[in-house]
Amino acid sequence: MKTSGITAETRSVGPLDRAVIFLGPPGAGKGTQAKELAGKFSVPHLSTGDMLRENIAKNTSLGQLAKPIMARGELVPDSLVLRMVAERIEKPDCWHGFVFDGFPRTVAQAQFLGVLLAQHGYKPPLVVHLAIDPALVLRRITGRRTCKVGGEIYNIFDRPPKVEGICDLDGGHLDQRPDDREEIVAPRLAAYEKQTAPLVAYYKRLGRLHSVDASQSVPDVMKRINEIVSAAT
Ligand code: AP5
């Protein structure tokens, strides 16, 4: 594996200086909360889903491989995701920490990340598990609309924009993700249960897991996350 040689000694220490990982089923609110937390600490919000969608939009070779897999609601193979993440966290904007949204998603990804973080001299990651009954996420997923310009996340049922289809912040058009159609939600939840849910036990064993009731309102979930992160920094 390629590394830039960044270590704890060569990085200057910022206020977060670690990876925060958001873990939870589709629609739990990982993107909503990760974006906010990353903004608060001025560190990058690293959504592997967004990175893959960007590759699809640019029609890269990775995007071409990922597109049909994501359309079926399955996970993209570890080897492809790991290379993408390893390259991304080499960039200087990651030196003071970063917030992962949707990564790691398998035990193999978590093990790889543990090695990568240790090599770069980061403190052990803080894992926020957004726990929610899968029955509650369908409305969130099918109602989600995302701004094409700035990525702001809305929900037509619970968090609508002021003008239908238009972002309040930058006037961008609001899109529905292809995998947010109702028929793709079941395979996405099944992939979560089979491949990602074991990470809850994995990080619990390592003493890194903090569970939050994600069925509460966005501000209430945010408040709880801020308490957890403040206690750890
Ligand atoms: P990804 O883009 O990561 O999607 P996901 O995990 O399915 O999660 P979502 O983005 O659907 O939900 P979220 O938890 O971020 O919720 P959000 O905040 O948007 O992955 C997509 C695909 O990419 C995968 O299926 C896979 O193929 C591939 N992939 C990505 N990473 C991979 C990896 N590491 N390995 C392999 N493959 C990978 O909120 C959802 C909605 O709910 C919004 O409308 C929001 O406004 C609303 N909402 C949020 N919080 C609340 C709340 N508290 N109360 C009410 N509404 C809320």
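Just a few scattered comments:
- Under a 5 Å amide H cut-off, with hydrogens placed 1.01 Å from N, R145 pairs with Y154, N155, I156 among residues at least 5 apart or on other chains.
- Only helices enter the 222 nm calculation for the chain: every DSSP H run of n ≥ 4 contributes -39,500 (n - 2.57), and dividing by all residues gives -12500 deg cm²/dmol, rounded to 500.
- Magnitude of the charge dipole, the chain, Cβ model with Lys/Arg +1 and Asp/Glu -1, debye to 20: 360 debye
- 11 Å cut-off, amide nitrogen to a point 7 angstrom out along A197 Cα→Cβ, residues in the range 135-154: 135
- Charges were assigned to the Cβ only: +1 to each Lys and Arg, -1 to each Asp and Glu. The resulting dipole of the range 67-160 about its Cα centre is roughly 300 debye.
- Spin-label pair A131/Q216, simplified geometry with 7 Å Cα→Cβ offset, distance in nm: 1.3 nm
- Residues of the range 128-158 falling in the label zone of E182, defined by backbone nitrogen less than 18 Å from a point 7 Å along Cα to beta-carbon, are 134-145, 156-158.
- Built from the Cα atoms of the chain, the convex hull projects on average onto 12.2 nm², one quarter of its surface area.
- DSSP-defined beta bridges in the chain - what % are antiparallel, rounded to 5: 35 percent
- Calculated from backbone phi, Karplus (6.51, -1.76, 1.60) coupling profile of the range 203-213 in Hz, x at Gly/Pro: 6, 5, 4, 7, x, 9, 8, 10, 8, 10, 6
- Carbon and sulfur %, accessible surface of the range 107-218 computed with the full protein complex present, 1.4 Å: 56 percent
- Unit charges on C-beta of K, R, D, E only; dipole of the range 120-233, Debye: 460 debye
- Whole-number D in µm²/s for the range 120-233 (Stokes-Einstein; Kirkwood sum over Cα pairs; 10 °C, 1.306 mPa s): 97 µm²/s
- Exposure ranking of H96, H129, H120 by accessible area [1.4 Å probe, largest first]: H96, H129, H120
- Considering only P68, P44, P125, the Gaussian network model of the chain with Cα springs below 10 Å gives its largest mean-square fluctuation to P68.
- Of the GluC sites (Glu not before Pro) found in the range 150-224, those in coil by DSSP whose Cβ has at most 11 other Cβ atoms within 10 Å are E164.
- Extension gain, A190 to K58, is 44.7 nm, computed as 0.36 nm per intervening residue step minus the present C-alpha separation.
The values are calculated or read from the model by the stated rules, or taken from the named source; none is laboratory data. Computed from a predicted structure; not experimentally measured. Because the Cβ atoms are built from the backbone with ideal geometry, glycine has one as well, and the counts that use them run over all protein chains shown. Heavy atoms of the whole protein, side chains included, go into the accessibility calculation; ligands, DNA and RNA do not. Shrake-Rupley method; radii C 1.70, N 1.55, O 1.52, S 1.80 Å.
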